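To start, the structure under review is shown below, and the notes come after it.
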DNA sequence: AATGAATGAGTCTTCATTCAT
DNA sequence: GATGAATGAAGACTCATTCAT
């Protein structure tokens, strides 16, 4: 019915276990410090199984990254782009990112830094070709609609994504010890004041 | 005149070469992908020399990180804290970070991400105990002096550091292809609007 | 029939080859002068195979030692303890040790000195907790049965094991160039005279 | 007047410190586990000093061994050979070895096992060309004088040295926890009974 | 004589990957 | 599809030795 990758119409359970475990370990220890034996042990699968499902370690990481990126774009499309005004889009973006962080911190962290240069060559997913474009687009649209002031697009982009990502970062680091969802409004307000006409 | 570590009154030249090379390689390839043989080759020193000067690879990275952190704090103290008002401190901060990035991108990048969890357990130096405190302090002072609005300190902190660091990030990634010094004013303006009373 | 460690019901042949080779090299060159590459070369196995079968070099040595000790205890039990009188036990001990030396000099030497302090902390297997106990026991029994004179147990122990081990030692060193089996009677006689009532 | 190795008529103090420290470390940890840096640290001398006084590590060990062997022969000559009868020589040998062990256990241990095959190719000093000869000689003389029975010389040699060395061994191992000097008589008695006519 | 920085060959060990079963 | 034994290249680190000062 929906996306599947083997003839049973369901992602092999082993494949899922590998992905889930690798994702967690890559986030916890980093890509390089996570060995295939680590994944074998924690996922309870065999070495062969990993190589049966994925070309190699890099490809496994790339696939996990792709999954996260797809998820980001889906959420962005569904929750953010669907909003009518920039102001609403902005709020939706902050809300989406913050609640996603609270819901699936591992995946968000993966998106943010568990990706080695070998896997993707950009530092942050939201800066990936597609991710960057998506955010840039709504800024561009905001300017065109007259909602936000003109100016260097990158500065606006940096203000918007920087603020959000930085807060997620210090939340993950444990500096912030309450759910980010509590500061959606305040964060949105700051960014809005920075960008609005 | 001041600090030195061998009888010649200068840090051993070999030691310097190791640090410079390791710093660059750690930034270019990451800590784990940089092998001791890599450093040996690029720095033109012997394996033994590295271990003569540093306990181990981790310690080498730690020392480089410490150097960068010290430099950050020095610059922060000299250029930022010395300013009278928050607004001026803010501009000084942006200016300091942006011009430092253009002057010594390697060191700034090192500060930003070339450090594995094993070396320092914070993701960003400006978030290191001391770095965080320093920035937090000027925000706190800004609130107390009535220059900036009250509100969750972390949100203000995230807005300020996030915007600056994110711009540095995309500059390093090559997304921005002009010197950050050109957008000091605009960046300062955005942050100021976000935080001011 | 009994103990096995892979599905073929036989200890992996590679594992055996590693043990045999390491045992010989440890004896020939000593533990520390025997490198893993040495074992790899001589056993015709890969580095990885060694680490697949043994935790590390130390553990490999420990296992070999354990094997030798087990063998000693088995022989001691079968040939020596089963004898009715002390005099017969004594002769059986000398005979057992001397013929074992001629049959498997490598294993006997391993038992005698190829073990670094890190691996086992006793100097000689016959001095290992169990080995010592076993010999002490027959001496004790000999005294109790009135076959041998009373006196400091250690002196008796030293006389008995010292004489035997020393002869094995100089045989291995090449000082003695005929089979020890030729001097079983004479050796037994000396010890018997020293200890008998 | 007597042996000296530098123009001041006294062994350089540094040289002595190196020898004493190396001897102790070789005994405590074995030759291979003792590194030059270890000796440098513990003796408080420089690396260069060691290489100034000794050709290399092996030579240092050899020299220490030579010292111990010379000491053995001196003691053997003075205390043992000077005795008139075999019985007295025997007692003197046991006494000499046991009290030497209690007085300078490090040197005796060095003689007994702290020598790697590279340094001397015999397992025990008393088995060294000269040491062996010396002991063999008194046995031979004992036979000729009719004090001890005829028979295989090696068996007699093994009985004599084996008993003594084995007791020293288990004393060093901590199995015997009283001074060996307390068992001089008993040990002598055992050996005497084994060998006498 | 003494120092200790520098060297680099060699050590143990890990780990991504393959492949016979 | 799944397994895990086997491989061997590569990594971090040690240490005997040299040599300029």
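Nothing in this text is a laboratory measurement; each read-out follows from the coordinates by a stated rule. Model, not experiment: these values are computed from the prediction. Cβ atoms come from the backbone with ideal geometry, glycine included; neighbour counts cover every protein chain shown.
Counting partner chain Cβ atoms within 10 Å of every residue's Cβ in A:24-35, what's the average? Walk me through the numbers on the way to the answer.
Details: counts 0, 0, 0, 0, 1, 3, 6, 3, 5, 5, 0, 0.
For peptide A:24-35, the averaged partner shielding equals 2.
Measuring r between the beta carbons of residue C:81 and residue A:36 and using R0 = 45 Å, the FRET efficiency lands at 0.35. Residue B:77 label point (Cα plus 7 Å toward Cβ) to equivalent points in the other copies: 5.3, 7.2, 7.3 nm, shortest first.
Using a/c under 1.5 as the rounded threshold, could you call the stretch A:123-197 rounded, prolate or oblate? The axes a ≥ b ≥ c are square roots of the C-alpha gyration tensor eigenvalues, and prolate needs a/b larger than b/c, oblate otherwise.
oblate
A label point on residue B:51, set 7 Å along the Cα-to-Cβ line, lies at 1.6, 1.7, 3.2 nm from each of its counterparts in the other copies, closest listed first. Applying 1/(1 + (r/R0)^6) with R0 = 41 Å to the Cβ-Cβ distance of residue C:149 and residue D:52 gives a FRET efficiency near 0.10. Exposure proxy shown here: for A:97, B:136, the number of other Cβ atoms within 10 Å sets the order, fewest to most, as B:136, A:97.
Per residue of B:170-178, how many C-beta atoms from partner chains lie within 10 Å of its own C-beta, taken as a mean?
On the way: counts 10, 2, 1, 6, 2, 8, 5, 1, 2.
Taking all residues of B:170-178 together, the mean is 4.
Normalising the average separation of contacting C-alpha pairs (under 8 angstrom, six or more residues apart) by the number of residues puts the relative contact order of chain B at 20 percent.
Each label was represented as a point 7 Å from its Cα along the Cα-to-Cβ direction; for residue A:197 and residue B:118 these points are 5.5 nm apart. Kirkwood-type hydrodynamic radius, the protein assembly as shown: 33.1 Å, calculated from all non-identical alpha-carbon pairs. For residue A:14, the label point sits 7 Å beyond Cα toward Cβ; its separations from the matching points on the remaining copies run 2.1, 5.2, 6.6 nm, from shortest to longest.
Taking 51 Å as R0, compute the FRET efficiency from the Cβ-Cβ separation of residue D:28 and residue A:178 and round it to 0.05.
Once rounded, the FRET efficiency stands at 0.35.
Pairs of C-alpha atoms in the stretch A:9-54 farther apart than 13 Å represent 50 percent of all such pairs. In the stretch B:44-185, what is the volume of the convex hull around the alpha carbon atoms, normalised per residue and reported in Å³? So the per-residue Cα hull volume is 123 Å³. Each peptide in C:57-63, A:163-169, B:171-177 was scored by the mean count of other Cβ atoms within 10 Å over its residues; highest first, the order is A:163-169, C:57-63, B:171-177. Considering the rotation that superimposes chain B on chain D, the residue of B whose beta-carbon lies nearest the axis, and that distance in Å, is B:48, 4. Per residue of peptide D:182-190, the mean number of Cβ atoms on other chains within 10 Å of the residue Cβ is 5.
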